[in-house]
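Structure, as structure tokens:
Each reported figure results from applying straightforward, stated rules to the coordinates on display, with no laboratory input. Since we're looking at a predicted model, the values are computed, not measured. Glycine gets a Cβ as well: all are built from the backbone with ideal geometry, and neighbour counts include every protein chain shown.
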Amino acid sequence: MTDSHPRPRPRPGPQGFSTRALAFEVEGGRAAGRAVIDALRLPEPTARLGSVHTLVVQPPSTSHRQSTEADLLDAGIAPGLLRVSVGLEDLEDLQADLVEAHAAARAAMPALGAV
């Protein structure tokens, strides 16, 4: 957000930053996304986002579970898409957890290649 943007900037949270949501795609589709979620220690799996805790959701398996693969792709939703609502946990702990979960998913799913 630029200084000239008409809306006020978000207020920083207790650790000096405001909470945000992010999304990223895991290569390998739903199974690979599920493997990453299963390997996470800090974020809580959920069907919807919004909490002081970090939450993770896989839209192709939750909110869009009744969509076909073609419909998902047409909507810009990759099969391995994960959405994370960042809570108040320590940033370095969250980053480490995501890196470790990605590595664990990759190790658990060698047939999928790059996860």
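Below is a table of values for the structure above.
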{"item": "Label-point separation in nm, residue 20 to residue 52, each point 7 Å along Cα→Cβ", "result": "2.2 nm"}
{"item": "Fully extended contour minus Cα-Cα distance, from residue 75 to residue 100, at 0.36 nm per residue", "result": "6.0 nm"}
{"item": "Sequence-separation-based contact order of the range 21-112, relative, with Cα cut under 8 Å and 6+ spacing, percent", "result": "41 percent"}
{"item": "Diffusion constant of the range 21-112 at 10 °C, which comes from Stokes-Einstein with the Kirkwood Cα-pair radius and 1.306 mPa s, µm²/s", "result": "120 µm²/s"}
